Amino acid sequence: MTWSLPLGSVAGIRLQVHFTFLALLAWMVVKGWRQGDLSGVPFFLGLFACVLLHELGHAMMAKRFGIVTSDITLLPIGGVARLERMPEDPRQELWVALAGPAVNVGIAALLFAVLGGQLPPAEKLGAGSLLERLLLANITLFLFNLLPAFPMDGGRVLRALLATRMPYTRATQIAATVGQVMAVLFGFVGFFANPLLIFIALFVWIGAAQEASMAQMKSALGGIPVRAAMLTDFQVLNSGNGLDRAVDLILAGSQMDFPVLDGDTVVGVLTRDDLLQALARKQDMAVGAIMRTDIVTVEANEMLARALERRPETACRTMPVQQGGRLVGLLTMDNVGEFLAIQAARGAGQTSPRFSSNSR
Ligand SMILES: [Zn+2]
């Protein structure tokens, strides 16, 4: 479910517009046409071109640190660049966060030069020429994005700066609290000035809470190898086994997904759903014919947080764990959940000192 229209792609990054953005554009065109004044439309398009360039700024900087951006989506409230992961080094996060607002400074400087080195007064934002309005809009975008509130860039800048001198989790908690205070202020101002601010306040509030809980999860998983949280008591199938063998195993235990071996090598995973579907079709074939082969295997000594980032987006969420080329365990979210619950029960009241991004 994307509800988005593709615009094309730049440097391997898909650019798209959300349908709510198109609806807003259509509304502006209709309104402008009925009032006989369509001058708001080019400004609107120019503004969002700047937003797109701002997001591309983040994406290009992330690319320098080896982080892939899968897509950039334009929404009525702004742009969203979907980075595959966030940089773990706070200095890298700082650069990625600053790259977006830096693009707005660049555009503003360019327009400033084109307009003969004159800064139009602030009230021209609503009434000046197209270039004057875009210049003021880029200055506004720059200042607004640097407000220290997640998920705006200023929130990330604040977290990155704090994280260079304290553990990442604590830096996130402080930045999230500052963000939520800002959200309350936005909401308050929004009631009197601009209702759009109330929307933004809501986004900032949710963004800050999400960021804080993600950092906590990361902190709980930090420094723990896959080996510590994997399932070691499990059954395997052979690619030559018939489906009745798989049925026997499912009935005998509570395992849902079975690694499939060919000799000693893991060649796939048979999921319970796939097995049931094959049985419903009354197909009688070998396990090897219906197993999933688009699986991700992980190493027992790999860090758990890293391994979970590679978790496939497919229906099969079980990852076979190997050591020295041999299958030694299974990594499932259920088991990771159990592991975290046990960790929490054991260490109730004490925070994990293991994860601090500046020690890496
Ligand atoms: Zn940004």
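All of the numbers you see were taken from the coordinates with simple rules; none came from a lab. Only a predicted model underlies this, so the values are computations on that prediction, with no experimental measurement involved. A quick note on method: Cβ atoms are made from the backbone with ideal geometry, for glycine too, and the neighbour counts reach across all protein chains shown.
Values for this structure:
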item	result
Value of D in µm² per second that Stokes-Einstein yields for the range 226-345, Kirkwood Rh from Cα pairs, at 10 °C (1.306 mPa s)	108 µm²/s
Spin-label model distance (nm) - residue 123 vs residue 82, 7 Å beyond Cα toward Cβ	4.5 nm
Percentage, to the nearest whole number, of Cα pairs in the range 148-221 over 15 Å apart	50 percent
Estimated FRET transfer efficiency when R0 is 25 angstrom, pair residue 334-residue 252 (beta carbons, to 0.05)	0.85
Packing-based order for 152-159, 3-10, 330-337, 114-121, using average beta carbon neighbours within 10 Å, highest first	152-159, 330-337, 3-10, 114-121
Efficiency of FRET between residue 310 and residue 44 - r from beta-carbon atoms, R0 45 angstrom, step 0.05	0.65
Point-to-point label distance, residue 216-residue 284, nm (Cα→Cβ direction, 7 Å offset)	5.4 nm
Neighbour net charge for residue 147 - beta-carbon separation under 14 angstrom, K R +1, D E -1	+1
Qualifying GluC sites (Glu not before Pro) in the range 88-145, DSSP loop, other Cβ atoms within 10 Å at most 12	123
Ranked packing of 204-214, 190-200, 38-48, most packed first, by mean Cβ within 10 Å	204-214, 38-48, 190-200
Label point distance in nm, residue 185-residue 27, each placed 7 Å from Cα along Cα→Cβ	2.8 nm
Contact order relative to length of the chain, as percent, for alpha carbon pairs under 8 angstrom and 6 or more apart	12 percent
Peptides 76-84, 63-71 ordered by average Cβ neighbours within 10 Å, highest first	76-84, 63-71
Shape box of the chain [Cα atoms, principal axes, largest first, Å]	77, 50, 37
Dipole of the chain, positive end: most advanced residue of 152, 59, 303 [Cβ charges, Cα centre]	152
Cα extents of the range 1-146 along the three principal axes, largest first (Å)	50, 41, 22
The chain, helix-only ellipticity at 222 nm - DSSP H runs n ≥ 4, -39,500 (n - 2.57), divided by all residues, nearest 500	-17500 deg cm²/dmol
The chain, dipole about Cα centre (Lys/Arg Cβ +1, Asp/Glu Cβ -1), debye to the nearest 20	780 debye
